[in-house]
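Colleague: Dropping the structure in here first, questions after.
The values are calculated or read from the model by the stated rules, or taken from the named source; none is laboratory data. Owing to the predicted nature of the structure, the values given are computational and were not obtained by experimental measurement. When we count neighbours, we look across all protein chains shown, and the Cβ atoms used for this are built from the backbone with ideal geometry, even at glycine.
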Amino acid sequence: MSNNSSNVATPFTNKEGQSVPSVTFPIRVNDEWSKRDTQEIFAGKTVVVFSLPGAFTPTCSSTHLPRYNELASKFSENGVDEIICVSVNDTFVMNAWAADQQAENISFIPDGNGEFTQGMGLLVDKGAIGFGKRSWRYSMLVKDGVIEKMFIEPDLPGDPFEVSDADTMLAFINPEAVQTSQVSLFTKPGCPHCARAKALLEQHGLTYEELTLGDAISISAMRAIANADTVPQVFIDGQHIGGADDLTAYFAN
């Protein structure tokens with residue numbers, strides 16, 4: 001995603017400098033009803049919020065949510081206490097989506113009645129596709145309940161995704177924290193060399209896409225890409241590095 005400003009063409013009001021709406025969210029935790037309110041979420045903390053049209057929808061599931069989850073440690077290192085995902089869905093749907101995405105670094109807030117989104121002035125009519133009232137896609141940085149920065153998607157047809165991504169938000173918070181390298185590695189469960197390779201990448205501040213051999217990814221597919229039968233197999237910016245020992249040598253050089 002591009003690191004654009006939030007001053008793109010949009011019919012929505014930028015609320016930088018204003019307080020977030022005061023809302024209480026009913027949620028299900030361990031099969032019991034609970035609540036979180038905006039006072040508890042935001043007071044005295046630095047929070048990144050990203051809001052999207054719906055759980056399980058394509059862009060939200062493939063890119064928007066996973067990248068925030070992937071960069072969570074980077075946000076934490078740069079003073080962010082919590083990353084919140086808001087959607088106008090009920091708590092059962094949001095919990096199911098959280099489990100499906102395995103996004104353990106994100107807090108899912110079900111704005112089922114659309115109160116928070118309406119208070120933000122970002123509740124839109126998606127009735128044409130059977131969604132009813134939903135959130136426009138945006139992100140914001142909130143400090144002690146006050147909105148410091150907003151990235152609101154432009155007023156374009158469909159579901160634009162140009163400025164509310166995790167990389168743009170991280171670049172605003174600290175441009176030097178943005179990772180320019182793309183890292184992927186093939187692994188398999190229980191592999192100690194894979195664990196060593198992942199630890200090396202983390203020690204060097206690199207996030208990575210992990211491709212685990214199993215039902216979805218076969219060893220023959222890895223062999224075709226890496227010309228190797230063993231794991232891990234690490235790629236950095238398209239360059240095949242190799243296994244854990246090769247990665248150690250790569251960093252040594």
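Colleague: Do you know which residues across segment 101-136 are among the small types (Gly, Ala, Ser) and assigned to a loop (DSSP other than H, G, I, E, B)?
Modeller: If the condition is that a residue be among the small types (Gly, Ala, Ser) and assigned to a loop (DSSP other than H, G, I, E, B), then 103, 112, 114, 121, 130, 132 are the ones that fit.
Colleague: Kindly indicate whether residue 129 is surrounded by fewer than 16 Cβ atoms within 10 Å (Cβ to Cβ), out of contact with any helix residue (DSSP H, G or I) (no Cβ under 7 Å at 6 or more places or on another chain) and β-branched (Val, Ile, Thr). It would help to see each step written out before you state the result.
Modeller: Numbers: surrounded by fewer than 16 Cβ atoms within 10 Å (Cβ to Cβ): yes; out of contact with any helix residue (DSSP H, G or I) (no Cβ under 7 Å at 6 or more places or on another chain): yes; β-branched (Val, Ile, Thr): yes.
When the stated conditions are applied, residue 129 passes them.
Colleague: Okay, moving on. Please go through segment 70-93 and give me each residue that is free of Cβ contacts under 8 Å to residues at least 60 places away in the same chain, in contact with a strand residue (DSSP E or B) (Cβ under 8 Å, 6 or more places away or on another chain) and more than 18 Å from residue 37 (Cα to Cα), ordered by number.
Modeller: Of everything in segment 70-93, those that are free of Cβ contacts under 8 Å to residues at least 60 places away in the same chain, in contact with a strand residue (DSSP E or B) (Cβ under 8 Å, 6 or more places away or on another chain) and more than 18 Å from residue 37 (Cα to Cα) turn out to be 72, 93.
Colleague: Go over the candidates 168, 212, 207 one by one and state the one that is among the polar types (S, T, N, Q), buried (at least 16 other Cβ atoms within 10 Å of the Cβ) and not assigned by TED's automatic domain parsing to the domain that holds residue 52.
Modeller: Just a single option satisfies the conditions, and that option is 207.
Colleague: Name the pairs: first residue in segment 95-114 and assigned by TED's automatic domain parsing to the domain that holds residue 54, second residue among the acidic types (Asp, Glu), Cβ to Cβ under 7 Å, at least 6 apart or on different chains?
Modeller: What qualifies is 107/82; 110/90; 112/90.
Colleague: Let me ask something else. Does residue 60 satisfy being crowded, with 20+ Cβ neighbours inside 10 Å, of a type outside the set (Phe, Trp, Tyr) and at pLDDT below 95?
Modeller: Here the answer is yes, as residue 60 does meet what is asked.
Colleague: Kindly establish whether residue 236 is free of Cβ contacts under 8 Å to residues at least 24 places away in the same chain, among the hydrophobic types (A, V, I, L, M, F, W, C) and at negative phi.
Modeller: Answer is no for this residue.
Colleague: Right, here's the next one. Only one of 184, 164 is in contact (Cβ under 8 Å) with a residue 12 or more places away in the chain, assigned to a strand (DSSP E or B) and touching a strand residue (DSSP E or B) at 6+ places or on another chain (Cβ under 9 Å). Can you tell me which?
Modeller: 184
Colleague: How many residues does segment 94-106 hold that are at pLDDT 95 or above and crowded, with 17+ Cβ neighbours inside 10 Å?
Modeller: Number satisfying all stated conditions: 5.
Colleague: Here are some conditions: (1) part of a loop (DSSP other than H, G, I, E, B); (2) hydroxyl-bearing (Ser, Thr, Tyr); (3) without any contact (Cβ under 8 Å) to a residue 60 or more places away in the chain. Residue 61 meets all but one. Which one does it not meet?
Modeller: Among (1) part of a loop (DSSP other than H, G, I, E, B); (2) hydroxyl-bearing (Ser, Thr, Tyr); (3) without any contact (Cβ under 8 Å) to a residue 60 or more places away in the chain, the lone unmet condition for residue 61 is (1).
Colleague: I need the full set of residues from segment 38-53 which are surrounded by fewer than 20 Cβ atoms within 10 Å (Cβ to Cβ), of a type outside the set (A, V, I, L, M, F, W, C) and not in a helix (DSSP H, G or I), in order please.
Modeller: If the condition is that a residue be surrounded by fewer than 20 Cβ atoms within 10 Å (Cβ to Cβ), of a type outside the set (A, V, I, L, M, F, W, C) and not in a helix (DSSP H, G or I), then 44, 45, 46 are the ones that fit.
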